[in-house]
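Report on the following structure.
The values are calculated or read from the model by the stated rules, or taken from the named source; none is laboratory data. Quantities reported herein were computed from a predicted structural model and do not represent experimental measurements. Ideal geometry is used to build each Cβ from the backbone, glycine not excepted, and the neighbour counts take in all protein chains shown.
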Amino acid sequence: MKDLTVLTGSEIAQGIKDGSLNEEGVLSFFKARIEKKDTSLKSFVEVYDKPLEADGSSDLGGVPIAIKDNICIKGKKITCASKILASHVSVYDATVVERLKKTGLRIVGTANMDEFAFGSSTENSCYGPTKNPWDTSRVPGGSSGGSAAAVGARLVPFALGSDTGGSIRQPACFCGVVGFKPTYGRVSRYGLVAFGSSLDQIGPLTTNFIDCAHLLNIISGYDPKDSTSDMAESVDFTGALVDDVKNIRIGIPKEYFGEGLDGQVRQAINEAIEIFKKKGVQTVQVSLPHTEYAVATYYIVASSEASSNLQRFDGIRYGARCASGNLKEVYFASRGKGLGDESKRRIFLGTHSLSSGYYDAYYARALKVRTLIRRDFDEVFRNVDVVLTPTSPTPAFKIGEKVTDPLSMYLSDIYTISANLAGLPAVSVPCGFAKGNLPIGLQLIARAFDESTLIRLGFSYQRTTDFHKRIPSV
């Protein structure tokens, strides 16, 4: 069989439809590639002996896909890369998994991640770190690092991840792929193990915007099983796959181009802006003044919600029980042995923020600042259609470089967090390479439920550039 890594997922699906490709042959090709390449990457937690059976067909029918290890697949282990859930098997499908099966996609396995999605490097996993396919001494980003690395290395044409503060976009940036966080409420969260319930969103990782649009069509839409699911009118995102971006107004926020931004990243972003200008886009300097408070606000809100959501993993209701004795002894032993250091750190931070005497000083104040951040975007979107920023201030960093410095690690998400706090759609687009052949990504943020404009811009940009077509030699 010919080399399928040079084809998009949509092209593979079309080949299966017209008979030029055989579905079982396609699955065998990617399974063999995973077996050969993933021993060094460790992007997968589990690769199924046989891909899950599909219940229907669609524009992506027959194409393999990887699922992040915090999204439920009936009858399969779901561990969130944590020892406390090492033997847990899901008894139901997440809504997105149901939809994938009904439209013919073949789930081949689960992807590695930071434990409970707490991290920016996929080093906080009980299975060990995933490595970046462009340089295996470096991180793939996180927490959806396994999903991003698998797509970047062309082990699968696409994957699903989850994004609470940048966990799809930042690893997509580091691995040179497209990572899309839809509007909060656009995609059902039913069956996603909760981290920050007011922030989490499932989204696709692909190499290109054609595949991204098709995959968004499949996973989007109202779900009565998710109380936060929005009843917004369904959209055919493939309708935005047109190379016409004339007169779209892009805002360039000054707060995202200051101290701490790597010079190579700055140069790549500026070159991308020039490409957009040549295609007829108008650019405007804008200000998002409360951006400087985003990291502090996020880590109070997200950690508070995490400390509440993780109460259920106690060795009694859910999770491995590591002791016998009274309730306190079971809790201490099970959570002490079953949870990693970063999970404990988030629980401590969140519980402190919610505790009596500190609630008003931390959590309540953070919610007020979150409102101000959302209002900043509302004001900017009066005059522009999209905001353009770097995805990450630096290219991928070395494995172990920041693991003992939590604050430095948290700042890796400094440009992605605000979109989650405001509930807005955002995407990371490959836009260049730094020294050492390390990918660079730009971020586009749009109004709520305006994913189509992001797809239009991203598709048009990829018609002019070839960064997304380059394949690492891992």
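Against the list (1) surrounded by 13 or more Cβ atoms within 10 Å (Cβ to Cβ); (2) touching a residue at least 40 places away in the same chain (Cβ under 8 Å); (3) not charged (D, E, K, R), the condition G260 fails is (1). Please verify whether the range 319-334 includes one or more residues that are touching a Gly at 6+ places or on another chain (Cβ under 9 Å) and on the phi > 0 side of the Ramachandran plot. Within the range 319-334, one or more residues are touching a Gly at 6+ places or on another chain (Cβ under 9 Å) and on the phi > 0 side of the Ramachandran plot. Residues that are under 30 Å from G128 (Cβ atoms), among the hydroxyl-bearing types (S, T, Y) and assigned to a helix (DSSP H, G or I) within the range 1-44 comprise T5, S28, T39, S40, listed in sequence order.
Screening Y299 on (1) within 21 Å of S198 (Cα to Cα); (2) of a type in the set (F, W, Y); (3) in contact with an Asp or Glu (Cβ under 9 Å, 6 or more places away or on another chain) shows it passes everything except condition (3). May I ask you to verify whether L199 is touching a helix residue (DSSP H, G or I) at 6+ places or on another chain (Cβ under 9 Å) and either outside any loop (DSSP other than H, G, I, E, B) or at pLDDT below 95 (or both)? No, not satisfied. Where helices (runs of 4 or more DSSP H) fall entirely within the range 396-474, those with at least 3 residues that are farther than 17 Å from W134 by Cα and β-branched (V, I, T) are at 451-464. Taking the range 276-299 as the range and being of a type in the set (A, V, I, L, M, F, W, C), within 18 Å of V384 (Cβ to Cβ) and either free of Cβ contacts under 8 Å to residues at least 12 places away in the same chain or in contact with a helix residue (DSSP H, G or I) (Cβ under 8 Å, 6 or more places away or on another chain) (or both) as the test, the residues that pass are F276, V281, V286, L288. When S28, S43 are checked against the criterion of being surrounded by 22 or more Cβ atoms within 10 Å (Cβ to Cβ) and over 19 Å from L310 (Cβ atoms), a single residue qualifies: S43. A single entry from D163, D200, D135 fulfils the requirement of being surrounded by fewer than 24 Cβ atoms within 10 Å (Cβ to Cβ) and either touching a strand residue (DSSP E or B) at 6+ places or on another chain (Cβ under 7 Å) or on the phi > 0 side of the Ramachandran plot (or both): D135.
Checked across the range 296-319, the condition of being more than 22 Å from the chain's Cα centre (by Cα) and part of a strand (DSSP E or B) holds for at least one residue.
The residues of the range 231-245 that are of a type outside the set (V, I, T), modelled with pLDDT of 95 or more and loosely packed, with under 14 Cβ neighbours inside 10 Å, listed by number, are D236, G239, D243, D244. Residue count for the range 365-394, restricted to those that are closer than 30 Å to K246 by Cβ and assigned to a loop (DSSP other than H, G, I, E, B): 7. Condition check for P51 on (1) surrounded by fewer than 18 Cβ atoms within 10 Å (Cβ to Cβ); (2) farther than 20 Å from I471 by Cβ: one failure, at (1). The residues listed here are A296, A272; of these, the one that is surrounded by 21 or more Cβ atoms within 10 Å (Cβ to Cβ) and under 30 Å from G441 (Cβ atoms) is A272.
Checked against the criterion of being in a helix (DSSP H, G or I) and either touching a residue at least 40 places away in the same chain (Cβ under 8 Å) or over 22 Å from N70 (Cα atoms) (or both), the candidates Y362, Y358 yield just one match: Y362. The residue of the range 211-228 that is surrounded by the most Cβ atoms within 10 Å (Cβ to Cβ), among those that are over 24 Å from L60 (Cα atoms) and not charged (D, E, K, R), is T228. The residue pairs whose first member lies in the range 60-75 and is modelled with pLDDT of 95 or more and surrounded by fewer than 24 Cβ atoms within 10 Å (Cβ to Cβ), whose second member is in a strand (DSSP E or B) and of a type in the set (D, E), and whose beta carbons are closer than 6 Å, counting only pairs six or more residues apart or on different chains, do not exist in this structure.
Looking only at the range 409-421, decide whether some residue is more than 30 Å from R249 (Cβ to Cβ) and modelled with pLDDT under 95. The answer is yes; a qualifying residue exists.
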